[in-house]
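Only one structure is covered here, and it is reproduced in the block below.
The values are calculated or read from the model by the stated rules, or taken from the named source; none is laboratory data. If you're wondering where the values come from, they're calculated on a predicted model, not measured in any experiment. Neighbour counts are summed over all protein chains in view; Cβ atoms, including those assigned to glycine, are modelled from backbone coordinates with ideal geometry.
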Amino acid sequence: MIVQPRIRGFICTTAHPVGCAVQVQQQIDYVRCQPSFTNGPKKVVVVGASTGYGLASRIVSAFGSQAATIGVFFEKEADGKRTATAGWYNSIAFEKAARRENLYAKSVNGDAFSDEVKEAVVDLIKKDLDSIDLLIYSVAAPRRIDSKTGQTYKSVLKPIGKSYTNKSFNFDTNRLETITLESASEEDIRQTIAVMGGDDWKLWIDVLSQNQLLANGFMTVAYSYMGPEVTRDIYRNGTIGRAKDHLEATAHQLAQQLQTIHGRAFVSVNKALVTQSSSAIPFIPLYFIILTKIMKEKGIYEDCIQQIYRLFAQHLYSGKNIMGDSQGRIRIDNLELREDIQKEVQKIWPQITDDNIEKFTDISGYREDFLKLFGFGLPSVDYNADVDIDLKF
């Protein structure tokens, strides 16, 4: 099949298997070119391992520390007429690359919130690894089915206490638009916390601990995002922010729980990046294309793999004490939130119009990065060639 991008709204409904493999290999090559980090992880589970920060974490663990990895994700394989999802192709490419280097790599495809997937991972660890020394939690999902009650929770992006109006960029029309989001109800807040807070992260640690699968000195890290002043009312002070507060409180709870095995739990606050999830959030893509232009001009822009390599090499496995902020969070967003960067964002934001958006933002870079998420736009790939879309693990 000849595969071309089909974009609908904020998603691409096709993925290119060769392109996905190329961008996975590019991330692997980056890690190989970096200095190895001290005393890295050796047996790793990544929950949410097929794209973005989760995929980068699996790559850094395997190719930066020679770790055995189990990846957990929820992706769709090809059905004959439709391609598989990008995460499916990414994970196949990763496993092939790992096995070429004799690295253990297995995957569990299913709902990470479910008991069945947790049990499948428990069985794999018991069979192959005995224990693990790192669990990365990198799950971004719009809904969660509670494995105990069967209730479905849905997350929402809403402000709290009052409605919120601001400019956003519509990539379908290529024009700015004004969007108003109504304030959240208490039920909206409760359900968003249930999906995006720390409950499921803790369930993962609990089930692994109960099965005595956590090694002495075990570490777990969940990924979060804080965001700048310009989006604070809708993000950190809104429903998503309440969920992030819950995630951070869970980290403190887990840290206490893991003391008996000298374990540690952290939240890593990462920088804004182009992801399938962030593309769906109003206001955030506009902020991102302003931010990216500024950071590139100052020579401090980092993509996903660069960000996670820095997290591992300079924080988690630097050989030094892990230093968090006043709340104990690891701040990988320190470059994004640098005072000079944010002053520029705040200066440009009110000036943006349809006529000058190309001048003040990196909109072309955003489009390129968005397409790369699905394996498109890579110069070395022949997109007119016939490719096999029905790849299997």
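Couple of notes before you dig in:
- Among residues that are under 30 Å from residue 6 (Cβ atoms), of a type in the set (A, V, I, L, M) and within 19 Å of the chain's Cα centre (by Cα), residue 332 is not included.
- Subset of segment 120-159 that is within 17 Å of residue 54 (Cβ to Cβ) and either of a type in the set (Asp, Glu) or assigned to a strand (DSSP E or B) (or both) - its residue that is farthest from the chain's Cα centre (by Cα): 132
- The selection criterion, being of a type in the set (D, E, K, R), surrounded by 15 or more Cβ atoms within 10 Å (Cβ to Cβ), in contact with a helix residue (DSSP H, G or I) (Cβ under 9 Å, 6 or more places away or on another chain) and not in a helix (DSSP H, G or I), holds for residue 271.
- Residue satisfying all of: in segment 345-356; among the β-branched types (Val, Ile, Thr) and assigned to a helix (DSSP H, G or I); surrounded by the most Cβ atoms within 10 Å (Cβ to Cβ) among these: 345
- Residues that are touching a Pro at 6+ places or on another chain (Cβ under 7 Å) and either polar (S, T, N, Q) or not in a helix (DSSP H, G or I) (or both) do occur in segment 357-374.
- Residue that is farthest from residue 337 (Cα to Cα) [pool: residues in segment 219-237 that are in a loop (DSSP other than H, G, I, E, B) and within 15 Å of the chain's Cα centre (by Cα)]: 225
- Matching entry among 145, 136 (being free of Cβ contacts under 8 Å to residues at least 60 places away in the same chain, of a type in the set (A, V, I, L, M) and under 30 Å from residue 284 (Cα atoms)): 145
- Any pair with Cβ under 9 angstrom, 6 or more apart, that starts in segment 10-32 at a residue that is among the small types (Gly, Ala, Ser) and ends at one that is surrounded by fewer than 22 Cβ atoms within 10 Å (Cβ to Cβ) and part of a helix (DSSP H, G or I): 19/371; 19/372; 21/96; 21/97
- Subset of segment 92-131 that is free of Cβ contacts under 8 Å to residues at least 60 places away in the same chain and of a type in the set (Ser, Thr, Tyr) - its residue that is surrounded by the fewest Cβ atoms within 10 Å (Cβ to Cβ): 114
- Meets criteria (outside any strand (DSSP E or B) and touching a Ser or Thr at 6+ places or on another chain (Cβ under 6 Å)) for residue 207: no
- Within segment 286-317, the set of residues being crowded, with 16+ Cβ neighbours inside 10 Å and either hydroxyl-bearing (Ser, Thr, Tyr) or not in a helix (DSSP H, G or I) (or both) comprises 287, 292, 301, 302, 303, 309, 317.
- Taking each residue of segment 233-255 that is within 12 Å of residue 220 (Cα to Cα) and looking for partners that are among the β-branched types (Val, Ile, Thr) and outside any helix (DSSP H, G or I) with beta-carbon atoms closer than 6 Å, six or more apart or interchain, yields 251/267.
- Hey, residue 78 small (Gly, Ala, Ser) and in contact (Cβ under 8 Å) with a residue 24 or more places away in the chain or not: yes
- Every residue from segment 159-181 that is of a type in the set (D, E, K, R) and closer than 29 Å to residue 356 by Cα: 167, 172, 175, 177
- Residues that are more than 30 Å from residue 128 (Cα to Cα) and in a loop (DSSP other than H, G, I, E, B) do occur in segment 238-260, at least one of them.
- Contacts under 8 angstrom Cβ, first residue in segment 158-177 being at positive phi, partner part of a loop (DSSP other than H, G, I, E, B) and among the small types (Gly, Ala, Ser), 6 or more apart: 161/183
- Test: residue in segment 363-379 that is of a type in the set (A, V, I, L, M), under 21 Å from the mean Cα position of the chain (by Cα), crowded, with 18+ Cβ neighbours inside 10 Å and within 30 Å of residue 96 (Cα to Cα): yes
- The residue list 55, 157 contains one member that is over 23 Å from residue 33 (Cβ atoms) and crowded, with 17+ Cβ neighbours inside 10 Å, which is 157.
- Residue identified as among the hydrophobic types (A, V, I, L, M, F, W, C), out of contact with any Pro (no Cβ under 6 Å at 6 or more places or on another chain) and farther than 12 Å from residue 328 by Cβ among 255, 243, 265: 243
- In segment 201-223, the residues that are more than 20 Å from residue 57 (Cα to Cα) form Cβ pairs under 9 Å with partners that are among the hydroxyl-bearing types (Ser, Thr, Tyr) and at pLDDT below 95, at six or more places apart or across chains, as follows: 203/147.
- Sole residue being touching a residue at least 40 places away in the same chain (Cβ under 8 Å) and not in a loop (DSSP other than H, G, I, E, B), chosen from 327, 342: 342
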